[in-house]
1. Convex hull over the alpha-carbon atoms of chain A: what's its volume per residue in Å³?
2. In the protein assembly as shown, with Lys and Arg counted as +1 and Asp and Glu as -1 at Cβ, which of these residues, A:Ser101, B:Ser9, B:Ser95, has the Cα nearest the positive end of the dipole, that is, farthest along it?
3. Give, to the nearest whole percent, the P(r) tail of the range A:20-70 beyond 19 angstrom, counting all Cα pairs.
4. Using θ = phi - 60° and the Karplus form 6.51 cos²θ - 1.76 cosθ + 1.60, what ³J(HN,Hα) does each residue of the range A:11-25 get, whole Hz, x for Gly and Pro?
5. FRET efficiency for A:Arg63 and B:Glu83, Cβ-Cβ distance as r, R0 = 45 Å, nearest 0.05?
6. Once Rh for the range A:1-45 is found with the Kirkwood sum over Cα pairs, what is the Stokes-Einstein diffusion coefficient at 25 °C and 0.890 mPa s, in µm²/s?
7. Given the protein assembly as shown, what count of lysine pairs have C-alpha atoms under 15 Å apart, with each pair 8 or more places apart or on different chains?
8. Excluding A:Trp36 itself, calculate the net charge of residues whose Cβ lies under 10 Å from the Cβ of A:Trp36, where each Lys or Arg counts +1 and each Asp or Glu counts -1.
Amino acid sequence: AQKVTQAQTEISVVEKEDVTLDCVYETRDTTYYLFWYKQPPSGELVFLIRRNSFDEQNEISGRYSWNFQKSTSSFNFTITASQVVDSAVYFCALSDTGANSKLTFGKGITLSVRP
Amino acid sequence: GAGVSQTPSNKVTEKGKYVELRCDPISGHTALYWYRQSLGQGPEFLIYFQGTGAADDSGLPNDRFFAVRPEGSVSTLKIQRTERGDSAVYLCASSLTPLRQGSGNTIYFGEGSWLTVV
């Protein structure tokens, strides 16, 4: 069975601080995808990144960066120079590459960025 | 529209009543998913459609829950004899095709339908 653990439940930082959101996953599949989604108060899940299990290169997109470590089954997300607009719940998710591609989500991390 | 559209955004219903929640996926997306999100939890998979057929309904909690997608586009999630425990946000998502190695596509979510059973 697949499992995603987001051990941090709530994080509060002051604007311009860097913050890292942790994600640890479990799967027996050899090929899979990892995702991060952002859920602002409006409720919509906003796609941030999809990472293929074969691709362990770290990725940077503006203030966002992701560190994929297959050896420790982790896919951590760092926000550099955080802003108030980054306040949201962040979900890590795991999908296999089978026929239905359903996502298994973690419980989410509530990030509050104070001005 | 440009994104996944769900209606109603909010629904309050009495215990025992029947409810329908509608999802209009991104145009051209063949794969459609329903998820349920309870307060303080991550979304949980309910059912997946590929085209008109339910390819995986393993997440439906019991036979009070049913979903259809008759023309391969809009989908309706139907809940009979609602119970207070059904209160949650019901999220719909779609993708161009099911995820495949190297396909480059991803899964996009709507804003959800918040169901409250009183």
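No lab work stands behind these numbers, since they all come straight from the coordinates. Since this is a predicted model, take the numbers as computed values, not measurements. Methodologically, a virtual Cβ is constructed for each residue, glycine included, from the backbone with ideal geometry; neighbour enumeration extends over all protein chains shown.
1. 98
2. Value computed over the given set: B:Ser9.
3. It works out to 32 percent of all Cα pairs.
4. 10, 10, 9, 9, 3, 5, 6, 8, 9, 10, 9, 8, 8, 10, 10
5. 0.55
6. Rounded to a whole number, D works out at 185 µm²/s.
7. Lysine pairs, 8 or more places apart or on different chains, close enough: 7.
8. Once all neighbours under 10 Å are counted, the net charge is +3.
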